[in-house]
Amino acid sequence: MSAVWYCCRRSLRTRARSYLGVALLLALLGGLTLASLAGARRTSSGYSRFREAGRALDVHVNAGRYEVEHPETAREIAGVTGTASYMSFVGGVVAPDGRVDFSFQPELVGSLDGLHFVYDRFAVTEGRLPDPARPDEVAVNKHLARASGIRLGQRLPIAIFTPEDEEAVYGDAPPPPVDRLDVTVVAVGLFPDEVVQDDTDWAPRLLLTPAFTERERRHATYAWTGVRLQGGAGDAARFKQVYAAAASAEDAEPRFRERAAVTARIQKAVRPLAVALGVFGALAGLATLLLVGQALLRLLRAERDDLAILRAVGAAPHLTSVVALPGAALSVVAGITGALLVAVLLSPLAPIGPLRRVEVDPGISFDWTVLVLGAVGFALALSAIALVAAVRQAPHRRQAIARGRVAQRSPLAGAVAAAGMPAPAVVGMRLALEPGEGRASVPVRAALGGAVVAVVALVAALVFGSSLRSLVDKPRLYGWDWDLTVVAETGYGEIDVAKAHDVLDGDPAVGAWSGAHFQSLDIEGRDVPAIGTEPGAAVIPPMLSGRSVRARDEVVLGSQTLSELDKQVGDTVEVASQDGRRRLRIVGTAVFPTVGPILGSYTTLGTGALVAYDQAPGRDDAGTGPTALFVRFREGVDREAAVARIAERLPGIGRLRGTTEVIPVQRPAEIVNYDSMGATPVILGGVLVLAAVVSLGLTLASGVGRRRRDLSLLKSLGFTRGQISATVVWQSSIVVGVGLLVGVPLGVALGRWLWMLFAARLPVLAQPAVPALLLAAIGAGLLVVANLVAAVPARSAARTPVAATLRAE
């Protein structure tokens, strides 16, 4: 037993650096895995935690003037445990010429009793919340700051008008304001429902204090009241029903906004990003087990000589199996400890996307669920690998395996030798591809497998990231399959079709165009935003399956709408119309763009319907003009010049002159979310590459140590130091070359498959983007790195003492 203990201590002393290398590799890859999984959880829960920290209310209600005049209605309903309100005013910022600038017309949000200050708190990204007791301090949302150039600390003159003057203020001779106050911008930030939004929902808003609201309360035009319900979201339906009944006595039509619905919408936009981060973590975890398991196998194989001596002097078989286990156990424990530290240090990178700016607890994070379960999982898996490898290295088992083994020779190395390649290249290839025999054997399959896995994980992550970037950069993939969008009266007006023909048909840049009507349909009892167009229209949202509408009794749906209706392509749906109920046949699914009337119901990813325009309510008259135009240009035209030329003639094509405008691409919340991820994927991918480089260095160092006898024989046969170094460099290049040759196609296939699954969940057009030039550059870079990493082992190999090594044999 003392001999076994001596061998254990000797193993720890002589191979301390190797065990440290294994621990470092586990710390890097394991930390990356845990950081990715914890980041996915932190991203997924970010919005819910933000709303809880901001004391979110369950339901908000707006009933116009009724809510201003009867604020008691909401708080007196049974089950309401708290309320908070804001009031809005007719007003705006006074321009230097003394007139109110309505070009960006912000909504004036005047908190009455703590809404957006105490409840549903405004998220400050710059500055501080205004002092509720000061009427001259305000906060602006990021959209208002960006659209108008308002800066933190800027003084703004605010003018307030009476509700009765609301229409007159937009005329040529507006009435004078009833009050004016100079305010200071002390905060820029986001309202709770603005954290992740469709571009269509963005509106300039200005938050005023309770002191300001009390001063101007008599001039309020409408109010929103938020309520906290005793039963939470479960009481929302009853509250809405009771409130609507009370408001109906005054002919008021309330609108409701539920916290649960807003949270679900934002979670829908965030979830795919969290899933993508989790998938990356799973790939990193697989790479961790394979690369670290390979490193442990190398170390345990290095104990063969000592194990044989122990067995020869009478040690029992089970004792010889445990000699290297203490070192392996220490390296695993140290590596897992390092992985926990790396995961914690990387935690400030999460959450990723827009939720990062409203994270309630930014900085270092300890997700004990992921950290503990991940540490236990790595410990169990790697301990099992080490135990199995140790048992297989026992001398009596090695002898049994050796008796049935035939020396393996690489046909590729033989072919290279026959082709007349230099001797260092041939020998380096044999060292990389042939395991060797006896004490000089090395786990080449594990080394090659580790290289392949590292390349697969890296390439898959790059293909997925490139596809995500392509999705963000190509509006066609998320529904905008045209070049120019024209709307009349922000989506509520009407375009003169004859005038549209005059402008568009004669323009050489226009390839095709279609009119569109924005409406909402009652489909099977559900309110579904719809785009109405001529059957067989040339410019429509891109199709996912089936075909477009060719007849009046057909409909195309978004994939989420189709799922909610529990229908399939080929089924029929019942649609309400002015003539009663009609049945339409579902002929396909489409990627619906985020487009429609401002502050109204509009189509977006997965949600919407495409119908013949006269199927929509209010569009039965064939003479009714469209509310929007979708224009596609010909290939190769100067898009900017075409847009500028057409935009000059657009003011005259509306029924009301000057009411038409060109709108930019409106991104859905999911695309806005992905566009703000920052450098997090690059950092995570960089850690993965670093871990793979460390693994390669350990493999080469171990191989040089195991094959000192072979290297000494080569030197005795005439190899120079330079040729010995070149041999190790060739070995490194072959390992990486095999990893690239096998790993790149597999990584591309895996990345494409993951992207197809991801795109189907959104849904968008699934067009994976393979960054061929980037992959080629990375491949070349990895070969360069392989040569650099091989420099130290190559130098060590070149210094191998021939006489001393051969005498030891």
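The residue that is nearest to Ala612 (Cα to Cα), counting only those in the range 540-582 that are touching a Lys or Arg at 6+ places or on another chain (Cβ under 9 Å) and among the hydroxyl-bearing types (Ser, Thr, Tyr), is Thr572.
Does Ala187 fit the bill of being touching a strand residue (DSSP E or B) at 6+ places or on another chain (Cβ under 9 Å), part of a strand (DSSP E or B) and buried (at least 16 other Cβ atoms within 10 Å of the Cβ)? Yes, satisfied. Working only within the range 584-634, note down all residues that are at pLDDT 90 or above and loosely packed, with under 15 Cβ neighbours inside 10 Å. Hits for the range 584-634 are Arg585, Arg634. Scoring Arg257 on the criteria (1) part of a helix (DSSP H, G or I); (2) of a type in the set (D, E, K, R); (3) open to solvent by 30 Å² or more (accessible area, probe 1.4 Å); (4) within 30 Å of Val140 (Cβ to Cβ) leaves a single failure, condition (1). For the range 138-160, filtering for residues that are closer than 28 Å to Arg51 by Cβ, open to solvent by less than 10 Å² (accessible area, probe 1.4 Å) and touching a helix residue (DSSP H, G or I) at 6+ places or on another chain (Cβ under 9 Å) leaves 3.
Looking across the range 260-286, just one residue is in contact with a Ser or Thr (Cβ under 7 Å, 6 or more places away or on another chain) and open to solvent by 60 Å² or more (accessible area, probe 1.4 Å), and that is Arg271.
For the range 493-534, a residue qualifies if it is more than 19 Å from Ala642 (Cβ to Cβ) and of a type in the set (Asp, Glu), and the qualifying residues are Glu494, Asp496, Asp522, Glu524, Asp527, Glu534. Put simply, of Asp502, Asp481, Asp507 the only residue that is more than 13 Å from Thr660 (Cβ to Cβ), within 35 Å of the chain's Cα centre (by Cα), open to solvent by 10 Å² or more (accessible area, probe 1.4 Å) and among the charged types (D, E, K, R) is Asp481.
Let's see how each residue does on (1) without any contact (Cβ under 8 Å) to a residue 60 or more places away in the chain; (2) within 23 Å of Ala145 (Cβ to Cβ); (3) more than 36 Å from the chain's Cα centre (by Cα):
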{"residue": "Ala173", "(1), (2), (3)": "yes, no, yes"}
{"residue": "Asp179", "(1), (2), (3)": "yes, no, yes"}
{"residue": "Thr184", "(1), (2), (3)": "yes, yes, yes"}
{"residue": "Asp199", "(1), (2), (3)": "no, yes, no"}
{"residue": "Thr225", "(1), (2), (3)": "no, no, no"}
{"residue": "Ala237", "(1), (2), (3)": "yes, no, no"}
{"residue": "Ala245", "(1), (2), (3)": "yes, no, yes"}
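Considering every residue within the range 235-250, establish whether at least one is at pLDDT below 85 and in contact with a Lys or Arg (Cβ under 8 Å, 6 or more places away or on another chain). Scanning the range 235-250, I find no residue that is at pLDDT below 85 and in contact with a Lys or Arg (Cβ under 8 Å, 6 or more places away or on another chain), so the answer is no. When the range 635-683 is filtered for residues that are of a type in the set (Phe, Trp, Tyr) and either under 16 Å from Gly491 (Cβ atoms) or modelled with pLDDT of 80 or more (or both), nothing remains.
Checked against (1) more than 20 Å from Asn141 (Cα to Cα); (2) open to solvent by less than 20 Å² (accessible area, probe 1.4 Å), Phe212 meets all criteria but (1). Considering the range 443-488 alone, what residues qualify as being modelled with pLDDT under 80 and either more than 28 Å from Arg752 (Cα to Cα) or among the acidic types (Asp, Glu) (or both)? Result: Pro443, Val444.
Hey, can you tell me all the residues within the range 196-209 that are surrounded by fewer than 23 Cβ atoms within 10 Å (Cβ to Cβ) and part of a helix (DSSP H, G or I)? Within the range 196-209, Asp199, Asp201 meet the criteria. Evaluate the range 538-551: report whether one residue or more is out of contact with any strand residue (DSSP E or B) (no Cβ under 6 Å at 6 or more places or on another chain) and in a strand (DSSP E or B). No, the range 538-551 contains no residue that is out of contact with any strand residue (DSSP E or B) (no Cβ under 6 Å at 6 or more places or on another chain) and in a strand (DSSP E or B). Reported count of residues in the range 752-809, each being at pLDDT 85 or above and outside any helix (DSSP H, G or I), is 9. The residue pairs whose first member lies in the range 271-283 and is modelled with pLDDT of 85 or more, whose second member is among the charged types (D, E, K, R), and whose beta carbons are closer than 8 Å, counting only pairs six or more residues apart or on different chains, are Ala274/Arg41. Every test in (1) open to solvent by 50 Å² or more (accessible area, probe 1.4 Å); (2) at pLDDT below 90 is passed by Ala350 save one, and that test is (1). Looking only at residues in the range 744-782 that are among the small types (Gly, Ala, Ser) and over 20 Å from Val453 (Cβ atoms), the one that is surrounded by the most Cβ atoms within 10 Å (Cβ to Cβ) is Ala759.
Scanning the range 497-522 for residues that are closer than 15 Å to Pro626 by Cα and part of a strand (DSSP E or B) turns up Trp513, Ser514, Gly515, Ala516, His517, Phe518, Gln519, Ser520.
The values are calculated or read from the model by the stated rules, or taken from the named source; none is laboratory data. What you see is a predicted model, and the numbers here were worked out from it, not measured in a lab. Reconstructed Cβ throughout: ideal geometry from the backbone, glycine too, with neighbour counts over all protein chains shown. All accessible areas refer to the heavy atoms of the entire protein, side chains included, with ligands and DNA or RNA removed. Shrake-Rupley method; radii C 1.70, N 1.55, O 1.52, S 1.80 Å.
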